[in-house]
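Structure first, commentary second.
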Amino acid sequence: MSWLGKVVRMVRSSRRAAPVGSIRVVDLSPLHWLSITYNTVEELGHVTPQGMNRPAAMTSFRWVDDTTLEVDLRPDNHFPEVETLTGSTVERAFNEVLRRKSPHSCGSQFNLDSRTRLEVVSERRFCVHLSDPDGLAVGRLRAVHLDEHAVLEWAQLRVCSPKFGGRGLVSDRRGEPVGHWSGCAG
Amino acid sequence: MLVEGYSSINAEMAIIRQEPLACPWLQQKDWTPTVRLTANPDYWDVARGPRLAEVIFRNDLTPEQTLERICTTEGEVDLVTEIEPGDALRVEKSDHAKLVTIDAFQVIAGVINRESADLPLGDKRARLALNLAIDRSKLVADTFSGWADPLGGLTPSFAVSR
């Protein structure tokens, strides 16, 4: 993490109220693993209660042409204790999504066309190369879950280790990471 | 941050035919009895939170056990989602629990097969008669204990374009 990032982190920590309290939840929804996912991993974008896309891990995007989406990442965005979220993080996430036939089986509108390609331009910029114009491309980024490399390795072993802080602990039975990325790989 | 337990699904394709591909997804849950999340106090989006220090998901209770605990005890279950409409009254009468209702994105609709060989459902009048024969108010009262609204189409009344 850069010195600027450390300063920003200190300022944020000093200004925000510390989280408090503990609650016990019984979530009877069959999709509760999905809400856990969305509250433990990061995404490039989120959605407001009004249903509008809002940048999250990304700060901005622009259409270079009809099929090329250029995205800038938030600076000094890091996972707890360990690595910084960079273009490599996004590339890893895209690879996980694209190697599956239907990664979002219960929300297929988030699936990316298998011909989609990612180009990491720099630590904070990447381009998504689409096979065809796609007006929903930015919205689909909401379901590209970003997590650190160590957690994906953990998920392969299916061992719960508090050391890693535990994110993306939604994996399928075969040990493949970040759970609702289901279906056949490759 | 998720520090204990896991919540996963195993999704398998049940292929009906290859061309064109037709398949449902068979999902099987694989959850630990508890899943514990702790706050990441350094998360960049202050507006989003976290505000709670810890959330513990309890996967070790049946819906019946959950309802019993939320209505009759304190400290074992603090939040339950998706209470059945028939159980809502019990929660309302409980001294320990408060019922909170939201607009659900769920619509119950009937689909009529117009191609049915032995029924005159290709006739608009027949479909209209079927439609009018359904007592929506009674359906809401008897099946959903009043916790639903009749619709004229598939769009819920609270869906507003901004």
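Quick check: is even one residue across region A:21-37 part of a loop (DSSP other than H, G, I, E, B), farther than 18 Å from B:VAL46 by Cα, away from chain B (no Cβ under 11 Å) and among the aliphatic types (A, V, I, L, M)? Within region A:21-37 (the criterion being part of a loop (DSSP other than H, G, I, E, B), farther than 18 Å from B:VAL46 by Cα, away from chain B (no Cβ under 11 Å) and among the aliphatic types (A, V, I, L, M)), the answer is no, since none of the residues qualifies. The residues of region B:50-76 that are assigned to a loop (DSSP other than H, G, I, E, B) and more than 7 Å from chain A (Cβ to nearest Cβ), listed by number, are B:ASN59, B:ASP60, B:THR62, B:THR73, B:GLU74, B:GLY75. Of all residues in region A:38-68, those satisfying the criterion of being hydroxyl-bearing (Ser, Thr, Tyr), at pLDDT 85 or above and either part of a loop (DSSP other than H, G, I, E, B) or open to solvent by 30 Å² or more (accessible area, probe 1.4 Å) (or both) are A:THR59, A:SER60, A:THR67.
Residues are listed down the side, and each one gets a yes or a no for (1) open to solvent by 60 Å² or more (accessible area, probe 1.4 Å); (2) in a loop (DSSP other than H, G, I, E, B); (3) within 24 Å of B:PRO41 (Cα to Cα); (4) among the hydroxyl-bearing types (Ser, Thr, Tyr):
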site: A:GLU70; (1), (2), (3), (4): no, no, no, no
site: A:THR89; (1), (2), (3), (4): no, no, yes, yes
site: A:GLN109; (1), (2), (3), (4): yes, no, no, no
site: A:LEU112; (1), (2), (3), (4): no, yes, no, no
site: A:ARG115; (1), (2), (3), (4): yes, yes, no, no
site: A:VAL120; (1), (2), (3), (4): no, no, no, no
site: A:VAL128; (1), (2), (3), (4): no, no, no, no
site: A:PRO133; (1), (2), (3), (4): yes, yes, no, no
site: A:ARG140; (1), (2), (3), (4): no, no, no, no
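Can you confirm whether region B:98-113 contains a residue that is over 19 Å from B:TRP147 (Cα atoms) and facing chain A (nearest Cβ under 7 Å)? Checking region B:98-113: not a single residue is over 19 Å from B:TRP147 (Cα atoms) and facing chain A (nearest Cβ under 7 Å).
Residue count for region B:4-28 satisfying the condition of being part of a strand (DSSP E or B) and modelled with pLDDT of 80 or more: 3.
Restricting to region B:53-71, and then to whatever is under 19 Å from B:VAL100 (Cβ atoms) and in contact with a Ser or Thr (Cβ under 7 Å, 6 or more places away or on another chain), can you tell me which residue is surrounded by the most Cβ atoms within 10 Å (Cβ to Cβ)? For region B:53-71, the residue satisfying everything is B:PHE57.
Within region A:91-107, if we keep just the residues that are open to solvent by 40 Å² or more (accessible area, probe 1.4 Å) and facing chain B (nearest Cβ under 10 Å), the residue that is modelled with the lowest pLDDT turns out to be A:CYS106. One residue stands out in region B:35-80 among those that are more than 19 Å from the chain's Cα centre (by Cα) and basic (Lys, Arg): the one that is modelled with the lowest pLDDT, namely B:ARG48.
Test B:THR155 against the criterion of being out of contact with any Lys or Arg (no Cβ under 8 Å at 6 or more places or on another chain), open to solvent by 50 Å² or more (accessible area, probe 1.4 Å) and at pLDDT below 90, and give yes or no. When the stated conditions are applied, B:THR155 passes them. For region B:29-40, the criterion of being in a loop (DSSP other than H, G, I, E, B), aliphatic (A, V, I, L, M) and surrounded by 13 or more Cβ atoms within 10 Å (Cβ to Cβ) is met by at least one residue.
Look at region B:72-85: where a residue is free of Cβ contacts under 8 Å to residues at least 24 places away in the same chain and open to solvent by 50 Å² or more (accessible area, probe 1.4 Å) and a partner is of a type in the set (D, E, K, R) and not in a loop (DSSP other than H, G, I, E, B), sitting 6+ places away or on another chain with Cβ atoms under 6 Å, you get B:GLU76/B:ARG69; B:ASP78/A:ARG24. Kindly indicate whether B:PRO50 is within 21 Å of A:ASN39 (Cβ to Cβ) and either β-branched (Val, Ile, Thr) or surrounded by 14 or more Cβ atoms within 10 Å (Cβ to Cβ) (or both). Answer is yes for this residue. The residue pairs whose first member lies in region A:28-42 and is among the polar types (S, T, N, Q), whose second member is open to solvent by 20 Å² or more (accessible area, probe 1.4 Å), and whose beta carbons are closer than 6 Å, counting only pairs six or more residues apart or on different chains, are A:SER29/B:THR81; A:SER29/B:GLU82.
The values are calculated or read from the model by the stated rules, or taken from the named source; none is laboratory data. Computed from a predicted model, the values in this text were never measured in an experiment. Ideal geometry is used to build each Cβ from the backbone, glycine not excepted, and the neighbour counts take in all protein chains shown. Surface areas here come from the heavy atoms of the whole protein model, side chains and all, with no ligands, DNA or RNA. Shrake-Rupley method; radii C 1.70, N 1.55, O 1.52, S 1.80 Å.
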